[in-house]
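Presented below is the structure to which this report refers.
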Amino acid sequence: MSFRDDGRAAVDWAARYLEGVSAFPVLAQVEPGELSSKLPPSPPEEAEPFTNVLRDLDELILPALTHWQHPRFFAYFAVTASEPAILAELLAATLNPVALNWRASPASTELELRVVDWVRQLLGLPEGWHGHIEDAASTSTLAALIAARHATGRNVVICSEHAHSSVEKDARMLGMELRKAPVDQELRMRSEIPLDDAALVVATVGTTSFASVDPVRALAERAHAAGARLHVDAAYAGSAWICTEERWSQDGVELADSLVVNASKWLLVPMDCSLLWTARPNEFRQAFSLVPEYLRTPEDVYALSDYGPVLGRRFRSLKLWAVLRCFGAEGLRAIQRRHIELARLFAGWVAADPHWELAAPQRFSLVAFRRKGSDEENEALLERANRSGEIFLSHTKLDGRYVLRVAIGNARTTEEDVRRAWEVLNA
Ligand SMILES: Cc1ncc(COP(=O)(O)O)c(C=O)c1O
C-alpha cells in the first residue's frame with residue numbers, strides 16, 4: 001500500500017469514527033491493565049503494513065478509550081478537536097518543521113505570531129502584547145513563574161486555594177514558596193493577602209472546580225504596588241471573551257503581566273495548544289534567551305524559544321489557523337453561546353428540582369451541583385452514571401462536600417445530550 005492509500009484509509013477511519021462516536025460508551029469500560037495484557041510485550045522485528053495499525057486501533061485501542069470527542073463527555077473541561085484542526089495536524093506532521101529559531105522555520109514562527117495576535121484581537125486583549133504557543137497551561141504558567149522570579153529576584157508565588165494544581169506543581173519544580181489565599185463567598189481569591197515579598201500573583205479567571213473569577217483588577221493593582229508581577233490563568237474561560245457578553249470576567253486583565261488561554265480547551269483546537277501572552281516581552285527574553293553557537297544566524301530576528309522553556313517547537317499554529325479560518329469568529333461565538341445556553345438550561349433543571357442543589361452559580365459552560373443527601377450517595381451516583389457509559393462527569397469538593405460537575409465543551413453536544421445526562425442522573 002502507498003502513503004496515499006493508507007492516508008485515504010486513515011482519513012476514512014477518522015471520518016467514520018467522528019460520525020459514529022456517540023455510539024461508544026463515553027467512559028472506557030475496561031479494567032486497569034486490560035489493554036496492556038493484549039499488547040505484545042516486545043517490539044516487532046519485521047515491518048507490518050499500516051492497515052494492521054488501523055485494524056488494532058479498532059480492536060485494541062477503541063475499547064480502552066475514554067471518548068473525549070463524545071457529545072456526552074461532560075467531565076473535567078470538555079473539549080473538541082474540530083475537523084479542520086485534525087487535518088491541519090496531519091499537514092503539520094507532514095511538514096514537521098522544528099522551529100529552533102526563525103531560520104529553521106520562518107513560516108511557523110511568523111504564522112504563530114500572527115494567529116496568536118488574531119486571537120488577542122478576538123478576545124479584546126491589549127495591543128502590543130507578545131503572544132506565542134506553549135504545549136500546555138502548566139508550561140505557560142511555569143514560564144510566567146520563571147520570568148517573574150528572574151525579574152523580581154523574589155521567590156514567592158501567591159494564588160487562590162482554588163487555583164489549578166499546576167501553579168503548585170510549577171512552584172514546587174522551581175523550589176519557589178507557594179502561598180494560597182482564601183476565597184470569599186463567591187469563591188474569588190481574597191485580595192487582602194500580604195504581597196510584599198511576592199514575585200508573582202496568579203489570578204484565575206474560570207477556576208477548574210467552579211469557574212469562579214478572581215478579582216483581577218484589585219490583585220493586579222496590589223501586586224504592582226508591591227513590586228510583583230501578575231499572571232492570569234484563564235486556561236478554560238479566557239476563550240469565552242470572544243463573546244463580548246462574557247467580558248465581565250475580563251475586568252483588570254489588561255493590567256496583567258502575562259496571561260494563558262488554552263486554545264485546546266474551548267477553541268476547537270486538538271491537544272495541545274496553550275496561548276501565552278506577555279505585556280513584558282523583554283523580561284521573558286531576559287529569562288529565557290540563550291543562543292548557543294550552532295543556533296547563531298545572520299538574521300537579526302528572535303526565536304520564539306526566547307519566550308519559554310522549550311527549544312524545538314512544533315507547528316501548532318497551523319491547526320489554530322485552520323480553526324480561525326474555517327469557523328470564523330462568528331462560528332466560534334455561536335458554538336460557545338450554545339454551550340453556555342445548555343449549561344444555563346441544566347442549571348435551571350437543578351435549581352428547580354427539590355432533590356438537587358447548585359453548589360455554585362453556573363458560570364460559562366460549567367455547572368457544579370449535588371444531590372441533596374450524603375457525600376457517599378453522590379459519589380455512588382456519579383460512579384453508577386459514569387459506569388453506564390451514557391455520560392461521563394467528574395467531581396470536585398467544596399468545603400469537604402462532594403460536588404458533581406457538568407462541563408459542556410464539545411461542539412457535537414446538543415440539548416438532547418444534556419437532557420439525557422439529566423435523565424441518567426435522575427434514574
Ligand atoms: C484553570 C486551569 N489552569 C490550568 C490547567 C492545566 O492545563 P494543562 O493541562 O494545559 O496544563 C487547567 C486544566 O484543566 C485548568 O483548568
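Out of the range 221-233, which residues are more than 23 Å from the chain's Cα centre (by Cα) and either hydrophobic (A, V, I, L, M, F, W, C) or buried (at least 24 other Cβ atoms within 10 Å of the Cβ) (or both)? Don't jump to the end; show me each part of the working.
Step one: list which residues in the range 221-233 are more than 23 Å from the chain's Cα centre (by Cα), which gives 221-228.
Answer for the range 221-233, where residues must be more than 23 Å from the chain's Cα centre (by Cα) and either hydrophobic (A, V, I, L, M, F, W, C) or buried (at least 24 other Cβ atoms within 10 Å of the Cβ) (or both): ALA223, ALA225, ALA226, ALA228.
Would the range 38-57 turn up any residue that is out of contact with any Asp or Glu (no Cβ under 9 Å at 6 or more places or on another chain) and closer than 30 Å to LEU404 by Cα? The answer is no; no qualifying residue exists.
Going residue by residue through the range 291-301, is there one that turns out to be aliphatic (A, V, I, L, M) and modelled with pLDDT of 95 or more? Checking the range 291-301: not a single residue is aliphatic (A, V, I, L, M) and modelled with pLDDT of 95 or more.
Please go through the range 251-267 and pick out each residue that is of a type outside the set (A, V, I, L, M) and more than 13 Å from the ligand (Cβ to nearest atom).
Within the range 251-267, ASP251, GLY252, GLU254, ASP257, SER258 meet the criteria.
Can you confirm whether SER160 is more than 17 Å from the chain's Cα centre (by Cα) and either within 16 Å of the ligand (Cβ to nearest atom) or without any contact (Cβ under 8 Å) to a residue 24 or more places away in the chain (or both)? The answer is yes for SER160.
Results for (1) surrounded by 19 or more Cβ atoms within 10 Å (Cβ to Cβ); (2) at pLDDT below 95; (3) of a type in the set (Phe, Trp, Tyr), shown as yes or no for each residue.
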position	(1), (2), (3)
LEU35	no, no, no
PRO40	no, no, no
VAL53	no, no, no
LEU57	no, no, no
PHE73	yes, no, yes
LEU95	no, no, no
SER108	yes, no, no
LEU113	no, no, no
VAL116	yes, no, no
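Residues that are surrounded by fewer than 16 Cβ atoms within 10 Å (Cβ to Cβ) and either touching a Pro at 6+ places or on another chain (Cβ under 9 Å) or modelled with pLDDT of 95 or more (or both) within the range 175-216 comprise GLY175, GLU177, ARG179, PRO182, ASP184, GLU186, ARG190, ASP197, listed in sequence order. Of all residue pairs spaced 6 or more apart or on separate chains, those with beta-carbon atoms under 6 Å, a first member in the range 265-284 that is within 20 Å of THR207 (Cα to Cα) and hydroxyl-bearing (Ser, Thr, Tyr) and a second member that is surrounded by fewer than 24 Cβ atoms within 10 Å (Cβ to Cβ) and modelled with pLDDT of 95 or more are SER274/ALA136. Residues in the range 285-302 that are surrounded by 13 or more Cβ atoms within 10 Å (Cβ to Cβ) and part of a helix (DSSP H, G or I): ARG285, GLN286, ALA287, PHE288, LEU295.
The values are calculated or read from the model by the stated rules, or taken from the named source; none is laboratory data. Predicted, not measured: the structure shown is a model, and the values here were computed from it. Counting neighbours? That spans all protein chains shown, and the Cβs are built from the backbone with ideal geometry, glycine included.
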